[in-house]
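This is the structure I want to talk about, given as structure tokens.
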Amino acid sequence: MEKVDLILPKDFPTLKNDAFLCACRGQETSHVPVWCMRQAGRYLPEFRESRAGKDFFDTCRSPEACCELTLQPIRRFPFDAAIIFSDILVIPQAMGMDVQMLSGKGPTFPEPLKEPEDLLLLQPKVDVNKELGYVFKAITLTRHKLEGKVPLIGFTGAPWTLMAYMIEGGGSTTHSKAKRWLYRHSEASHKLLRMLTDVIVDYLLGQVAAGAQALQVFESHAGCLGPVEFKEFSLPYLRDIARRVKDQLKESGQDVPMIVFAKDGHYGLEDLSQSYYDVVGLDWTIDPRSARERTGGKVSLQGNMDPCALYAPKERISEIVKRMLEGFGTRGYIANLGHGLYPDMDPENVGAFVEAVHTHSRNILNHKSEETQTAGSDVSYCTHNGGVENLSVADSLRSLRRNHDGKVREPITRLSLPNMSLGLNQPPLRQHKHSPVLPMGSRPHPPSIFQQANSAALASQALSVSISGWFSQE
């Protein structure tokens, strides 16, 4: 038995910085959390040194190696989340396909799927614990090694993206072979997408059981589909994954935020915001203010700086970050790039990006806090350790935030009064799942009586006679 097998997914260290998880749930934080896709990557000299001379997928199958690579950017930068080092193509491997990572070429399938009959070559039912247990071990080990510094994100590729790789045999600019299946073999395409969905659901549930504290689904090839094809061959499976994972986690009393990132899928933004995910990731082709308007406050947003902006001088990076934050606002927002980090990027510029997000967002929040205090109320928000600051309003409402057994629920969400403009394009308060159902596309708001609350006492009275459970959370 290997040493890693003795490390169990329990008794994890207490989380010290939950800003990322708070933002996923639409709560205000003391700063905007930030992480980067491919933050464990070749732009880091320590990553290149660790990976030198080693096969890519051999590295993926080593829990110790994956743990080390995941931790490297956390040691170097004050990121607010870690994402496990792995690859989306471990799923086709688990289904029986040979996948190789070739230098200068990238992922390659020596025998890709060519005709519908080839589906018979795939493993019909995948035992994820047997085939992908090395990922689960890496997550458990990393969760312990993080020592509660930041949350750990697990991930998967989405069904359509994986299907495209499995048919194209690797990367593609047109995805014509995979799209040929959609138009000529629609039934077989849906069969393959269902097979992938079943494996993905089990895989994500296994990641949570292993210790993942959030999950991201990468639909990297959304952009090669038109809106009609997206709604038929991508969106239903993305929704099914989130719904099934959420339902099964709920049965065990777990609530793990889920993020969907459909690159270049801006045409599907409204649909994605109503697909059971807590967060929608955005690439750099979407305007932040437009994204806020189109999603109507139903989800938190993540993104979306152009990765190439990191080639700019540090002062310019700071300016771009400031403008991005002003567009998104600070509540229900996670700063990230619109895609992954590139191998030739300067680590110092990555650090400048992270610092700019933290500095500018704190300045914005401090300014909002001053405005609120001038108006006679305070703002409550999650702190690094899950506590709450500035509670003059929240304290008076604490009695309204109790379970049936009388215990206070924590953490408290930000109490932003609609008549007090705390600005910078803030989304409306997230509608609680037990609140009355609003018409599709409408923006949830508290009752108008709440808008008249000009003091903590009035706010408490207004809520007590109207919607005492509005700010409660599961």
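Just the residues that are out of contact with any Lys or Arg (no Cβ under 9 Å at 6 or more places or on another chain), in a loop (DSSP other than H, G, I, E, B) and surrounded by 18 or more Cβ atoms within 10 Å (Cβ to Cβ), please, taken from the stretch 37-83.
Within the stretch 37-83, Met37, Arg38, Gln39, Ala40, Gly41, Tyr43, Arg61, Phe77, Phe79, Asp80, Ala81 qualify.
Right, here's the next one. Consider Thr161 carefully, then state whether it is under 27 Å from Lys105 (Cα atoms) and part of a helix (DSSP H, G or I).
Spelling it out, Thr161 is indeed under 27 Å from Lys105 (Cα atoms) and part of a helix (DSSP H, G or I).
Across the stretch 69-98, which residue is farthest from the chain's Cα centre (by Cα) among those that are more than 15 Å from Lys149 (Cβ to Cβ) and touching a residue at least 60 places away in the same chain (Cβ under 8 Å)?
Step by step, filter the stretch 69-98, then rank; the result is Met97.
Something else: Scan the stretch 252-259 and tell me whether some residue there is under 28 Å from Gly206 (Cα atoms), polar (S, T, N, Q) and surrounded by fewer than 24 Cβ atoms within 10 Å (Cβ to Cβ).
Yes.
What is the residue count in the stretch 214-234 for residues that are out of contact with any Ser or Thr (no Cβ under 7 Å at 6 or more places or on another chain) and hydrophobic (A, V, I, L, M, F, W, C)?
Qualifying residue count, the stretch 214-234: 5.
(1) open to solvent by 10 Å² or more (accessible area, probe 1.4 Å); (2) closer than 17 Å to Ala81 by Cα; (3) in a helix (DSSP H, G or I); (4) touching a helix residue (DSSP H, G or I) at 6+ places or on another chain (Cβ under 9 Å): which one isn't true of His339, the others all being true?
Only one criterion in (1) open to solvent by 10 Å² or more (accessible area, probe 1.4 Å); (2) closer than 17 Å to Ala81 by Cα; (3) in a helix (DSSP H, G or I); (4) touching a helix residue (DSSP H, G or I) at 6+ places or on another chain (Cβ under 9 Å) is unmet by His339, namely (3).
Here are some conditions: (1) assigned to a helix (DSSP H, G or I); (2) closer than 15 Å to Met37 by Cα. Arg294 meets all but one. Which one does it not meet?
(2)
Let me ask something else. Kindly indicate the residue of the stretch 317-336 that is touching a helix residue (DSSP H, G or I) at 6+ places or on another chain (Cβ under 7 Å) and among the polar types (S, T, N, Q) and also farthest from Asn366 (Cα to Cα) among those meeting that condition.
It comes out as Ser318.
Out of the residues in the stretch 123-137 that are in contact with an Asp or Glu (Cβ under 8 Å, 6 or more places away or on another chain) and part of a helix (DSSP H, G or I), state the one that is least open to solvent (accessible area, probe 1.4 Å).
That would be Val128.
Does any residue of the stretch 88-96 turn out to be open to solvent by 20 Å² or more (accessible area, probe 1.4 Å) and over 21 Å from Leu152 (Cα atoms)?
Within the stretch 88-96, one or more residues are open to solvent by 20 Å² or more (accessible area, probe 1.4 Å) and over 21 Å from Leu152 (Cα atoms).
When both residues are 6+ apart or on different chains and their Cβ atoms are under 9 Å apart, which pairs have a first residue that lies in the stretch 354-366 and is more than 13 Å from Thr29 (Cα to Cα), and a second that is surrounded by fewer than 20 Cβ atoms within 10 Å (Cβ to Cβ) and β-branched (Val, Ile, Thr)?
Hits for this filter: Ala356/Ile320.
Do you know which residues across the stretch 153-176 are touching a residue at least 24 places away in the same chain (Cβ under 8 Å) and either more than 30 Å from Cys24 (Cα to Cα) or of a type in the set (Ser, Thr, Tyr) (or both)?
Selection gives Thr156, Thr161, Tyr165, Met166, Ile167, Glu168, Gly169, Gly170, Gly171, Thr174, His175.
Ok, one more. How many residues does the stretch 159-180 hold that are at positive phi and touching a strand residue (DSSP E or B) at 6+ places or on another chain (Cβ under 6 Å)?
Number satisfying all stated conditions: 1.
I've got another one for you. Report yes if Arg25 is open to solvent by 20 Å² or more (accessible area, probe 1.4 Å), over 23 Å from Lys137 (Cα atoms) and either basic (Lys, Arg) or in contact with an Asp or Glu (Cβ under 6 Å, 6 or more places away or on another chain) (or both), otherwise no.
Spelling it out, Arg25 is indeed open to solvent by 20 Å² or more (accessible area, probe 1.4 Å), over 23 Å from Lys137 (Cα atoms) and either basic (Lys, Arg) or in contact with an Asp or Glu (Cβ under 6 Å, 6 or more places away or on another chain) (or both).
Same structure, new question: If a residue has to be open to solvent by 10 Å² or more (accessible area, probe 1.4 Å), touching a residue at least 24 places away in the same chain (Cβ under 8 Å) and among the polar types (S, T, N, Q) to count, how many in the stretch 177-217 make the cut?
The number of residues fulfilling the criteria is 1.
The values are calculated or read from the model by the stated rules, or taken from the named source; none is laboratory data. Just so we're clear, the structure is a prediction, and the values are computed from it rather than from any experiment. Counting neighbours? That spans all protein chains shown, and the Cβs are built from the backbone with ideal geometry, glycine included. Accessible surface areas use protein heavy atoms only, side chains included; no ligands, DNA or RNA. Shrake-Rupley method; radii C 1.70, N 1.55, O 1.52, S 1.80 Å.
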